[in-house]
Amino acid sequence: KIFYALNDATEFKLYDPAKPITYVSDTDGTCRIRAYALEEGKKEGKIAEHSFAVTGISGVEADQEAGSVRVEGNSIIVPEGAQTFDIAGRRVNPQGLPRGIYIVRLASGKAVKAVVK
């Protein structure tokens, strides 16, 4: 099991790979994540720490809603209620996509461009 905490949080949460980790940046736009592994019946591992900045998709305004769409490998991670379309306008599954430009229509009706490289 992996446990993590963001920024200055003192409580570590159990990581669930099925749920995206949401974050709130520090005043300088960065986020700090601390994590450790715990194997049943053993002592917790050493805490690893890393700071990073999350940027929006090029050409898209980085408002809170648009920032909830991200590309990881060949998949587009979208919020609940969003629909993903290829450049020809066909609805596609956002997982396991070939390279290309995709449009994500959010539940609010806003559209976000996503590029799978």
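A few points about this structure:
- Scope region 33-82; condition under 15 Å from A5 (Cβ atoms), part of a strand (DSSP E or B) and either of a type in the set (D, E) or at pLDDT below 85 (or both); matching residues: E49, S51, F52
- Test: residue in region 6-27 that is modelled with pLDDT under 85, in contact with a Leu (Cβ under 7 Å, 6 or more places away or on another chain) and surrounded by 13 or more Cβ atoms within 10 Å (Cβ to Cβ): yes
The values are calculated or read from the model by the stated rules, or taken from the named source; none is laboratory data. This is a predicted model, so every value here is computed, not measured. FYI the Cβ positions are ideal-geometry reconstructions off the backbone, even for glycines, and counts take in every protein chain you see.
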